1. Place a +1 charge on the Cβ of each Lys and Arg in the chain and a -1 charge on the Cβ of each Asp and Glu, then give the dipole magnitude about the Cα centre in debye, rounded to the nearest 20.
2. First obtain the Kirkwood hydrodynamic radius of segment 39-125 from its Cα pairs, then insert it into the Stokes-Einstein equation at 20 °C and 1.002 mPa s, and state the resulting D in µm² per second as a whole number.
3. So what's the Cα pair-distance distribution over segment 2-73, bin width 5 Å, in %?
4. Taking a 1.4 Å probe, which of 41, 138 shows the most accessible area, and what order do the others take after it?
5. Per-residue ellipticity at 222 nm for the chain, helices alone: DSSP H runs ≥ 4 residues times -39500 (n - 2.57), over residue total, nearest 500 deg cm²/dmol?
6. Looking only at 136, 162, 109, which one moves most when the chain is put into a Gaussian network model with springs between Cα atoms under 10 Å?
7. Tell me the relative contact order for the chain as a rounded percent, counting alpha carbon contacts under 8 Å between residues six or more apart.
8. Could you calculate, for the chain, the ratio of the Cα radius of gyration to the Kirkwood radius, expressed as Rg to Rh?
Amino acid sequence: MTHTTIPKRYTYGAADSECRYPVLLPDGRFIGLVFRWHRAWYAIPAGTETEIRVSAGAIGKDTSAEYLREGFDAGRITPAPKAPESANSAERDGTPPPLLHPRMDKPHNRTVALAVIQRLWELNWTALGGYPGSDNPWMLRCERCGWVGMKYWSHLRGRKGNPPSAFRHPGCTGRG
């Protein structure tokens, strides 16, 4: 009996500062972005700014990427040669990130974001994107070891009067 390996239909690029993943064809062409917002997963086809709610839950990232791949297969999505610059890197060009994620730009959220940024600094984290609210992924850098990745403020802040967990992220070698 022989086993046939099915080639992967897409890959993910590095998430940008808004925690959006570029979805790439096997040849590297860009077909869109996928991201999570308030427990739902969205897709943005290449060449558009239209956010399409695709799925919820743990399967959402792959379901959203497959939605883009199916759109490409059906001729509804024209791929770009590469992902947009904003989606290629979690790091910016040295300019500070915005205070708020674009979806959160409201007066009340500015006050909350300022307090959260102060607390992040105390916990040795640096925000690489604007504050997205407590239950959305946020691109951060660990100032103890330099790790860059997504965290949720709700997981970092501590709960029910307890301090934040001593666990920072897998492989953290930094000391407090």
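1. The dipole of the chain has a size of about 660 debye.
2. It comes out at roughly 134 µm²/s.
3. Result, from short to long distances: 4, 18, 28, 26, 13, 6, 3, 2, 1 percent.
4. Of 41, 138, the descending order of accessible area is 41, 138.
5. One gets -6000 deg cm²/dmol as the mean residue ellipticity at 222 nm.
6. Among 136, 162, 109, the largest mean-square fluctuation in the Gaussian network model of the chain belongs to 162.
7. 18 percent
8. 1.02
The values are calculated or read from the model by the stated rules, or taken from the named source; none is laboratory data. The shown structure was predicted, so the numbers you read here are calculated from the model rather than taken from an experiment. Glycine gets a Cβ as well: all are built from the backbone with ideal geometry, and neighbour counts include every protein chain shown. Please note that ligands, DNA and RNA were not included when accessible areas were found on the heavy atoms of the full protein model with its side chains. Shrake-Rupley method; radii C 1.70, N 1.55, O 1.52, S 1.80 Å.
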